[in-house]
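A quick write-up on the structure given underneath.
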Amino acid sequence: MDRNIYIGIIVTTIILVLMLGDQMYVGIWYYLGIPIIAFILTAFFKPSSFYLTGIGLAIFITYIPYYWHNLAATNPEGLIGLGHLFSLPGLLIGIVFSAIYLKNKNKSVYFVTSLGFSVSLVGYAINQLIVCNSLMYCGSFLTRINS
């Protein structure tokens, strides 16, 4: 069941990209590649049920600020996808840490889903802060999100 929900999240993402357009200008392969890599990473750890659902939702959530920014911008930025790409190591580290913690543990479905979701997003957010303070200028991006 968990894999089916995970695949449903991926398909929903692809459908939204096809309907709204690729606002990050990275190609459909990007939206397929990230969940596939995350799935392969978690397969080694065999985490509890519904862990994939949590990380699938976390991956989906990471796209929203970038879409919002470029959909609302008068001059969409073509290199905005790099900000997302450079923040993926934090997301993957969060996925691995939470998978290691949940390996062979019998926790409730809600705990497993929320832990996978929250730790993955925290890893992504920390990496996003590092990227925005060192590699890229994110001032206009953050201003657009706050308004």
Only unsatisfied item for HIS84, checking (1) over 14 Å from the mean Cα position of the chain (by Cα); (2) closer than 15 Å to GLY123 by Cβ, is (1)
Only one of TYR124, TYR110 is among the hydroxyl-bearing types (Ser, Thr, Tyr), at pLDDT 90 or above and farther than 18 Å from PRO35 by Cβ, namely TYR110
Checked ILE28, ILE100, ILE7, ILE36 against criteria (among the β-branched types (Val, Ile, Thr) and surrounded by 14 or more Cβ atoms within 10 Å (Cβ to Cβ)); the one match is ILE7
Inside the stretch 39-67, the number of residues satisfying the requirement of being under 18 Å from SER108 (Cβ atoms), polar (S, T, N, Q) and either crowded, with 19+ Cβ neighbours inside 10 Å or modelled with pLDDT of 90 or more (or both) is 2
Result of the Cβ filter at 7 Å on the stretch 103-131, keeping first residues that are in contact (Cβ under 8 Å) with a residue 40 or more places away in the chain and assigned to a helix (DSSP H, G or I) and partners that are surrounded by fewer than 17 Cβ atoms within 10 Å (Cβ to Cβ) and among the small types (Gly, Ala, Ser), at least 6 apart or interchain, is VAL109/SER49; VAL112/SER49
Every listed condition ((1) free of Cβ contacts under 8 Å to residues at least 24 places away in the same chain; (2) more than 17 Å from THR13 (Cα to Cα); (3) of a type outside the set (Ser, Thr, Tyr); (4) not in a loop (DSSP other than H, G, I, E, B)) holds for ASN75 save (4)
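The values are calculated or read from the model by the stated rules, or taken from the named source; none is laboratory data. Because the structure is predicted, anything quoted here is derived from the model rather than measured. Positions of Cβ are generated from backbone atoms using ideal geometry, with glycine treated the same way; all protein chains shown enter the neighbour counts.
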